Amino acid sequence: MIEIGAQVDLFHPADRVWHALTDRELLGRWFTDVESVPDAPGRLRFATADLPGFDAAVETEVIEHRAPELITLRCQEADRRSRLTCTVKATAEGCRLSIRETLEYGEWAPPQRDGREQAYEQALNNRLPAILDWFAFQQVDLRRGDAGMTTELPVVELPGGTRPRRATWAVLGAAGIGMLLAGGAAVWALQPDQPRQATAQPTPTHTPSASGAASPTTRPAAAEPAARPSRTPSATASPSRSAVAPPPSRTPSSAPPTSAAPPAMTARYETVSTRLLGYSGEVEVANPGSAAGTEWTVVVTFSDDSEVTKVSGAEWRQEGRTVTFTGSPLAAGRSQRIKFDVRDSAPFAKGPESCTIGGSPCEGL
């Protein structure tokens with residue numbers, strides 16, 4: 001039995017994610033268009049022919065349904081039959097959405113299987129969070145409840161009388177606050193980058209202390225013995241040839257640190273997706289040298305009170321605006337990818353203020 005799947009942690013309540021899974025209009029915005037199959041009640045056709053890993057449109061029917069936790073579809077695509085299960089599980093910060101497709105009849109070629117899984121991952125990690133943020137913003141979040149980051153505004157009926165007039169002003173005031181919030185978010189998104197550049201100047205002096213001074217301190221200690229033998233031959237060459245013999249015995253002992261010095265590690269930062277109040281980032285640490293590297297340290301600094309969650313690929317700790325990632329040595333030519341989510345109080349933030357590895361700036365930021 002062949003199975004593929006994808007998973008994403010979302011900062012939205014389970015009922016909102018369930019709505020995005022089952023509403024045809026929203027489903028068409030983040031995955032693909034859906035329509036009813038003529039003369040087949042209860043069957044739906046997904047327009048997947050142009051998606052990676054799909055050969056044709058997929059006809060489905062719901063065989064299991066437990067709102068807002070689980071929905072299972074039986075899928076028919078050309079000569080293949082599969083079962084697609086979507087599970088929504090509430091978490092402390094929202095919910096976790098998992099998609100699993102199991103092949104029951106037929107086969108997927110390896111490139112098709114990889115493309116299909118990539119299509120699910122891109123939809124869940126990029127388009128779905130953006131649609132959920134947009135949908136939450138349409139609901140005008142005026143009260144934060146226990147359900148998650150946002151809650152739906154209750155429907156207010158307006159019968160005649162004095163109390164309904166107050167309710168009318170409450171609704172108008174809510175709409176005004178929503179418009180003010182939207183305007184503030186737009187102004188933030190249109191601001192130039194000067195504030196981040198201005199606050200980034202103190203970072204180089206702060207970053208080495210936060211990143212752990214072990215890496216910068218160890219390298220000068222390894223480089224200093226390599227400088228001492230250069231003075232030793234000049235001092236011993238004048239007496240005689242026999243006086244030159246001791247330096248070769250010292251040179252091999254001090255030469256290995258120079259020739260086997262760990263290569264300089266590199267890192268590249270990328271913001272892979274953005275949301276209304278946060279984003280997902282990745283840092284790829286690489287060893288471009290021909291020798292094995294040492295343990296590495298990546299320091300990411302934010303310009304505000306951002307909070308990092310859901311980290312994979314490294315050990316990490318956060319102290320105020322600074323997050324320190326550490327990892328094991330990398331073999332020559334190998335790389336390690338760090339993935340993390342950021343909750344940012346500033347609307348439409350697109351990345352951290354700075355990123356360094358061993359005191360050197362990361363590429364891509």
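The values are calculated or read from the model by the stated rules, or taken from the named source; none is laboratory data. These numbers were taken from a predicted model, which means no experiment stands behind them. Positions of Cβ are backbone-derived with ideal geometry, glycine not excepted, and every protein chain shown enters the neighbour counts. All accessible areas refer to the heavy atoms of the entire protein, side chains included, with ligands and DNA or RNA removed. Shrake-Rupley method; radii C 1.70, N 1.55, O 1.52, S 1.80 Å.
At a 1.4 Å probe, what is the % contribution of carbon and sulfur to the accessible area of the range 279-365?
45
Go ahead and run the numbers for FRET between residue 78 and residue 130, Cβ-Cβ distance against an R0 of 22 Å, rounding to 0.05.
My answer for the efficiency is 0.10.
So, for the range 7-59, what is the accessible surface per residue at a probe of 1.4 Å, expressed in square angstrom?
48
Work from the charge dipole of the range 305-365 (Cβ charges, +1 for Lys and Arg, -1 for Asp and Glu, about the Cα centre) and give the residue of 361, 336, 325 farthest towards its positive end.
Checked the options; the winner is 336.
Roughly speaking, to the nearest percent, how much of the range 53-112's 1.4 Å accessible area is carbon and sulfur?
Result for the range 53-112: 48 percent of the exposed heavy-atom area is carbon or sulfur.
Using θ = phi - 60° and the Karplus relation 6.51 cos²θ - 1.76 cosθ + 1.60, list the HN-Hα couplings for the range 117-132 in order, rounded to whole Hz, with x at every Gly or Pro.
Couplings: 5, 5, 4, 5, 5, 5, 5, 6, 8, 10, 6, 4, x, 5, 5, 5 Hz.
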